[in-house]
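Heads up, the thing below is written out as structure tokens.
Computed from the coordinates by the stated procedures, all read-outs in this text should not be read as laboratory data. Everything numeric in this text was worked out from a predicted model, so none of it was measured. When we count neighbours, we look across all protein chains shown, and the Cβ atoms used for this are built from the backbone with ideal geometry, even at glycine.
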Amino acid sequence: MSMRVLCVLHQAHSTTGQVGVALKQLGVQVQIVRPLVGQRLPRDLNRFDGLIVFGGPMSANDDHLDGIRRELKLIEQWLHHDRPLWGICLGAQLMARVLGASVQSHPDDHVEVGWYPIRSRGLGYSQFGALGHVYQWHREGYQLPAGATRLAVGAPNAAFPEQAYRVGHRALATQFHPEMHPQMMRRWLNRASHMLELPGAHPIDSHIQGMRRYHAKQSHWLKRTLQEWLTMPE
């Protein structure tokens, strides 16, 4: 029987991008749910071998949104049972909140939008290997939760130092977007072009050049990491 992963997306037009491509290549079934557009979470979560919570333009602090409150409870439940969980950008920030850490914007309103370098730390050297540049699209970051293992940080003086952490053996959080592929990048650049005007964002040519230089390595890392993440023993 093939494995099944529940993917939580945050907008009606959002997709799983390169994550969905890699899961399909691995023979994994994907079910998508969008709580913030009114979709109900599946009743029987035991049917799923993993949970991936993707990014979105809303804030992890938007407790007035019913979908955010439900996702926080879902993540708490998943962490309690130490099951495969991956938080991407907003998903990583929601995980941090569940674990008692703060999520906030940069004091000078800086953002990370484009390809940025990261540096591995501790166990992150085996987790990330030669992955040195990743795709970012966010205006908030998180504090490292108590008890979490730091895996990666940004470059010196980065606007958002924390870039990846692990909780227990089976929960991974990345501030960056491993699901990015060319079509998704073009869509984001078109629909959210205002983000390029914010301090710290990279110009559009840098996005395109970075896709040519870094996307293949990020995609290779993603597929390998997904396979390890789903098969990691308890």
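Annotations for the structure displayed:
- Matching residues in the stretch 120-143 - criterion: being over 15 Å from Trp221 (Cα atoms) and either surrounded by 18 or more Cβ atoms within 10 Å (Cβ to Cβ) or charged (D, E, K, R) (or both): Arg121, Gln136, Trp137, His138, Arg139, Glu140, Gly141, Tyr142
- When the test is whether a residue is touching a residue at least 60 places away in the same chain (Cβ under 8 Å) and touching a Lys or Arg at 6+ places or on another chain (Cβ under 8 Å), Trp115 passes it.
- Selection within the stretch 17-34 - surrounded by fewer than 20 Cβ atoms within 10 Å (Cβ to Cβ) and in contact (Cβ under 8 Å) with a residue 24 or more places away in the chain: Gly20, Val21, Gln25, Leu26, Gly27, Val28, Gln29, Val30, Gln31, Ile32, Val33, Arg34
- Exclusive hit being of a type in the set (Phe, Trp, Tyr), outside any strand (DSSP E or B) and closer than 24 Å to His81 by Cβ, set Trp221, Trp229: Trp229
- Options Met195, Met185: the member that is free of Cβ contacts under 8 Å to residues at least 60 places away in the same chain, more than 14 Å from the chain's Cα centre (by Cα) and within 16 Å of Cys89 (Cβ to Cβ): Met185
- Evaluation of Pro57 against (1) surrounded by fewer than 13 Cβ atoms within 10 Å (Cβ to Cβ); (2) not in a strand (DSSP E or B) (one fails), failing number: (1)
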